[in-house]
Each structure stands twice: as structure tokens, then as C-alpha cells.
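Visitor: One structure follows; several queries about it will come next.
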């Protein structure tokens, strides 16, 4: 019997929500080798090549059965004791490992926490078909920055291999490098994680590529229910024609409203948001 997967209840803004889900994955010497992120209470995604690096294996080498890596929450609020500069750590077992393929597929690993990690909470996943122009953020550990750094980007669309392209924001900042591998990409417009960073351009232009959420959840049985459609709500902003794809679940109400507007010039619509 398979246990039901609990949806994440994280509802805060990007950085606050990611802080409780973002994992630093370290090697045996304690050096950061990449990032991962919790999607349930005990399951996390990262890149397969991050796991190999953390275990000291050559790139593309399959981890031994039962292999474990060390993880912690680098952005979580530091506990008052015993050492605020050293966040709690935990071991995570390699549950699934899919190596990178020449076609662009793969490079996905699923980790399962061996023991609870204090303060950890899963992040919200969003499966979106159109992210062009959306502002996004990611966190990683570029060389020389042991405390990590934020990347500000602009999402584009899928390319032939299935990855989604992300360009460096016009405002500049840190470009995506190897230390960002496995990082969740938070879409500021959709309010959730739309993918995981897997590859970055070594030269110019400063672009990175992410594995979309739909591909990630398909790699692990039972996680498909975690991927939510984009939220139809736009806060206090009015719906536009471009938002038609997100406006769903109101077919009957929309039909009734269209009929009333057609029959009389002035129609008053009153009700709570949503």
C-alpha cells in the first residue's frame, strides 16, 4: 500500500518559502557540491551529477545501493543553540538516480531524508506550459561564495531537448554556474517552483537551463499530484485576454455572466475574490 503524498502548505514569498526547502548538498569534506529541494516531508530533488560529485564518484557513475549524502538547510533561520553558524545536518539516501543523457534527458536524483531535518518544509511545485518573460530566482554556491548567492533570471521557453532556458536578468547579478546545479527555480509570477537548474553556458551568453517540474515529478512514482497548475489568481490585478489559459473552474458562472451582459447593457457583479 502506498502512502498518500501530502501537498506542501508553503504559502510565503519566494525567499521565505525556499528557505525551509532548499538543501545544501555537501561532500565528505563538508564542501558544497550543489543544491536540492524538498517536495514532500522527506523527499527531495537534485541533479544526478550533484550526487555523484558529493559521493566522490566520476561524473555519470552510478551511486552504490544505499548511498547517502549529507544535507542541511543553509537559508533556514539559525537556532539559538548550540551554534548559530552551523545549521542542523541530516543524511539523505539516494532513492532514485537517473544519469544525464546525450539527448538532454535525465540528470535527476531523488533523495529521501534518513531522519527529520528541523525546520524543513516542502516547497510548492507548479507545472506551467508558458513561462516566457517571467522573472525568476535561484540560489547556489558559486566558487568563492561559501554562504551562497542568489541568481536573478528571466525565463524563456522549452528548447528541443526539453529544458527551459533562463537568461540573466537585465539588472545583472550572479550568473548560473556549477554551484547552482540542483537549485529550484522559483517563478515570481506563478508563485512556485517551475523547474530545477541542470546546465549552464560556460561562456556567453550567460544562460542556464532547467528541467521543468513536469519532467521531475514523472521521474518518481507517486509525485505527479504535487505539480499544481498555475494559480488563476492575479491578486488585485484584473484578468486580461492573455490570462485566458489560467482562467478555469468558472465555466458555469462565465456562461451565465455572458448571457446577462448580452441581454442588458449594465450588469453588476458582486462577490468575494476567487
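Visitor: Write down the Kirkwood hydrodynamic radius of region 88-224, to one decimal in angstroms, obtained as one divided by the mean of 1/r over all alpha carbon pairs.
Guide: Computed over region 88-224, the radius equals 15.6 Å.
Visitor: On to the next question. Full extension from residue 170 to residue 67: what is 0.36 nm times the residue separation minus their Cα-Cα distance, to one decimal in nm?
Guide: Full-extension gain reported as 33.0 nm.
Visitor: What is the spin-label model distance, in nm, from residue 150 to residue 266 if the labels are put 7 Å beyond Cα along the C-beta direction?
Guide: Between residue 150 and residue 266, the label points sit 4.7 nm apart.
Visitor: For residue 132 and residue 256, what does the FRET efficiency come to when R0 = 30 Å and r is the distance between their Cβ atoms, rounded to the nearest 0.05?
Guide: Once rounded, the FRET efficiency stands at 0.35.
Visitor: Would you work out if region 117-195 is rounded, prolate or oblate? Take a ≥ b ≥ c from the square roots of the eigenvalues of the alpha-carbon gyration tensor; rounded if a/c is under 1.5, else prolate when a/b is larger than b/c, oblate otherwise.
Guide: oblate
Visitor: Another question, if that's okay. Using the basic label-point model (7 angstrom from Cα toward the beta carbon), what is the residue 102 to residue 225 distance in nanometres?
Guide: 4.0 nm
Visitor: Still on this model: Work out Dmax and Rg for region 14-113 from the C-alpha atoms and quote the Rg first, both in angstrom.
Guide: 13.8, 48
Visitor: Shape call for region 85-130 from the C-alpha gyration tensor, a ≥ b ≥ c root eigenvalues: rounded (a/c under 1.5), prolate (a/b greater than b/c) or oblate?
Guide: oblate
All of the numbers you see were taken from the coordinates with simple rules; none came from a lab. Predicted model, so just to flag it, every value in this text is computed and none were measured. Here the Cβ is made from the backbone with ideal geometry for all residues, glycine too, and neighbour counts use every protein chain on show.
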